[in-house]
Amino acid sequence: MSTIECRRLRKDYVRGEETIHTLQDVDVDVDSGDFVALMGPSGSGKTTLLNLLAGIDSPTGGTIRIGGTDIATLRRGELAAWRSTHVGYIFQLYNLVPVLTAYENVELPLLLHPVGADERHRRVSEALELVGLANRHAHYPRQLSGGQEQRVAIARAIVTNPTLILADEPTGDLDKASAQQVMDLLVRLNRERGQTIVMVTHDAATAARARRTVHLEKGQIVDAAAHAGAHG
Ligand SMILES: Nc1ncnc2c1ncn2[C@@H]1O[C@H](COP(=O)(O)OP(=O)(O)O)[C@@H](O)[C@H]1O
Ligand SMILES: [Mg+2]
């Protein structure tokens, strides 16, 4: 069974008289351990699809099963609980809390879980270690480079050991070297920890580091390609 199964997924936005058909009958399957790059022109519905997978937004029609749960049927509170266990989200502009240290930012999602203080400390330290920032744990976001901020955000996304990582243009605001580091990290999470990832990107070279690419155009999937050498 796939980790993600979307069937005839539709999302309409109504603005005044106008209805925008942002996603139209989208079918997507993502297996456990896959790493999918989602590409497409601006406005094609990439962020909308990611937000539906994250349970941040709800579909107009169709079904989304993730890890066997049809998330469209969950109530608001159930959905919030589901999301905190199953989804790690990485944003283009990191979205760290500016008044919290790197350590406290990574700790934040764990505070929603019944995890004791010792275990929490162990997991936060391990996540910061994994992204190579153990020595920056007391730094505030403004004291970090963009690339370091994004690595803190990745630590925050993985600290709960989620079923799925969703990333919306995670290297879109980074210089080449930092982007490379972030991609190295995502590839490692996928290869070494079997982490399932769906990542939006504009950049073909970035997409080539995923296992396969799905193309969206005007709210529809146009084709899907597997990569020959999947770790370039
Ligand atoms: N909350 C919203 N309200 C109204 N329209 C929206 C909303 N979110 C997205 N859209 C519209 O849906 C389309 C796809 O947007 P989006 O998913 O952000 O595209 P992408 O991430 O591929 O650039 C755009 O035309 C956008 O204007
Ligand atoms: Mg977008």
Unique match (being modelled with pLDDT of 95 or more, among the small types (G, A, S), over 19 Å from the mean Cα position of the chain (by Cα) and surrounded by fewer than 18 Cβ atoms within 10 Å (Cβ to Cβ)) among A208, A226, A177, A230
A177
Of the numbered conditions (1) among the hydrophobic types (A, V, I, L, M, F, W, C); (2) within 16 Å of ligand 2 (Cβ to nearest atom); (3) in a helix (DSSP H, G or I); (4) at pLDDT below 95, A80 fails exactly one; give the number of that condition.
(2)
Please indicate, with yes or no, whether at least one residue in region 112-132 is on the phi > 0 side of the Ramachandran plot and at pLDDT 95 or above.
yes
Qualifying positions in region 29-65 - more than 16 Å from ligand 2 (Cβ to nearest atom) and either under 22 Å from R191 (Cβ atoms) or in a loop (DSSP other than H, G, I, E, B) (or both)
D29, V30, D31, S32, G33, D34, F35, G55, S58, P59, T60
From I71, I64, residue being more than 16 Å from ligand 1 (Cβ to nearest atom), in contact with a strand residue (DSSP E or B) (Cβ under 7 Å, 6 or more places away or on another chain) and of a type in the set (V, I, T):
I71
Specify which of the listed residues (G172, G147, G116) is of a type in the set (G, A, S) and free of Cβ contacts under 8 Å to residues at least 12 places away in the same chain.
G116
If I ask for residues that are more than 17 Å from A157 (Cβ to Cβ), assigned to a helix (DSSP H, G or I) and away from ligand 2 (no atom under 16 Å from the Cβ), which ones from region 192-217 would you list?
A204, A205
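The values are calculated or read from the model by the stated rules, or taken from the named source; none is laboratory data. Keep in mind that what you see is a predicted model, and the values were worked out from it rather than measured. All Cβ positions, even for glycine, are placed from backbone atoms using ideal geometry, and neighbour counts span all protein chains on display.
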